[in-house]
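Reading through the structure tokens given below for one structure.
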Amino acid sequence: MDQNLIPWRERNQAAKPVGEIFVVDDDKDLREVVAITLAAQGFPVKTFEDGNAFLRVAEERVPICVFLDIVMPQRSGLEILEELRARRYSAPIILTSARDDFPTVVKAMRSGAHDYIKKPFEPHELVPRVRNVVDMWLSRMETTNPLDIRANENREWFRLTPIEKDMLLLMRLMGTSNEERATFPSY
């Protein structure tokens with residue numbers, strides 16, 4: 001069975017994503033601009049006009065990333081982001097919004113957003129951000145030492161500060177043998 005068709009509850013959260021990108025926005029014009037821009041770079045794009053339609057598909061598929069508008073009717077992008085985090089949904093989320101208030105951005109990042117783009121944006125800004133996400137997925141899939149801080153159970157190693165990485169390293173070393181410590185990467 002295709003790994004990406006296995007419901008998120010049953011698959012390993014480190015699963016390789018499908019090559020497509022999801023765009024969730026109530027603005028039809030914006031969805032089309034994003035889809036055309038990314039398709040021109042070879043990325044298949046699936047668009048959704050509301051968060052509920054996206055969440056139904058997200059039950060079955062893990063895209064390479066999700067562009068998620070914050071302000072939408074019915075459910076906000078932040079509410080959807082929090083639900084995805086509760087599900088331990090592994091796709092990186094790039095939030096978009098015309099809002100430019102710092103508290104919203106902070107809340108979005110604390111809720112698990114990978115990136116934030118203020119609207120209106122230049123379409124060419126999207127490609128480097130998607131490539132960054134692709135690089136992140138590839139690094140997640142590398143075979144790693146079980147003690148490697150990049151392989152934590154939440155798959156959120158990229159959010160750790162250097163001090164947090166050092167603390168995690170110390171905590172993990174406390175419960176390991178000398179042989180395991182010798183294989184641990186030094187930072």
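Out of residues 5 or more away from CYS65 or on other chains, whose amide H comes under 5 Å of its own, with H placed 1.01 Å from N in the peptide plane?
Sorted by chain and number, the residues that satisfy this are PHE22.
Sequence-distant or interchain residues sharing an amide H contact under 5 Å with THR96, placed H: which?
For THR96, whose amide H was placed from the backbone, the distant partners under 5 Å are LEU68, ASP69, ILE70, ILE117.
Determine, for each peptide in 52-59, 68-75, the mean count of other beta carbons within 10 angstrom over its residues, then list the peptides with the highest first.
Peptide ranking by packing, descending: 68-75, 52-59.
Given H placed 1.01 Å from N in the peptide plane, which residues other than close sequence neighbours of VAL45 have an amide H under 5 Å from its amide H?
ILE21
With θ taken as phi - 60° and the coefficients 6.51, -1.76 and 1.60, list the Karplus ³J(HN,Hα) couplings across the range 124-135 in order, rounded to whole Hz; mark glycine and proline as x.
Once θ is set to phi - 60°, the couplings for the range 124-135 become 5, 5, 6, 4, x, 5, 5, 4, 4, 5, 4, 4 Hz.
How large is ³J(HN,Hα), in whole Hz, for each residue of the range 59-68 in order, when computed from phi with the Karplus curve 6.51 cos²θ - 1.76 cosθ + 1.60 and θ = phi - 60°, using x for Gly and Pro?
Once θ is set to phi - 60°, the couplings for the range 59-68 become 5, 10, 9, 10, x, 6, 6, 10, 8, 10 Hz.
Please state the shape class of the range 3-141: rounded when a/c is under 1.5, otherwise prolate if a/b exceeds b/c and oblate if not, all from the C-alpha gyration tensor.
Taking the square roots of the gyration eigenvalues as a ≥ b ≥ c, the range 3-141 is rounded.
Any read-out appearing in this document is the output of simple, stated calculations on the displayed coordinates, not a laboratory observation. Since this is a predicted model, take the numbers as computed values, not measurements. Please note: Cβ atoms are built from the backbone with ideal geometry, for glycine as well, and neighbour counts cover all protein chains shown.
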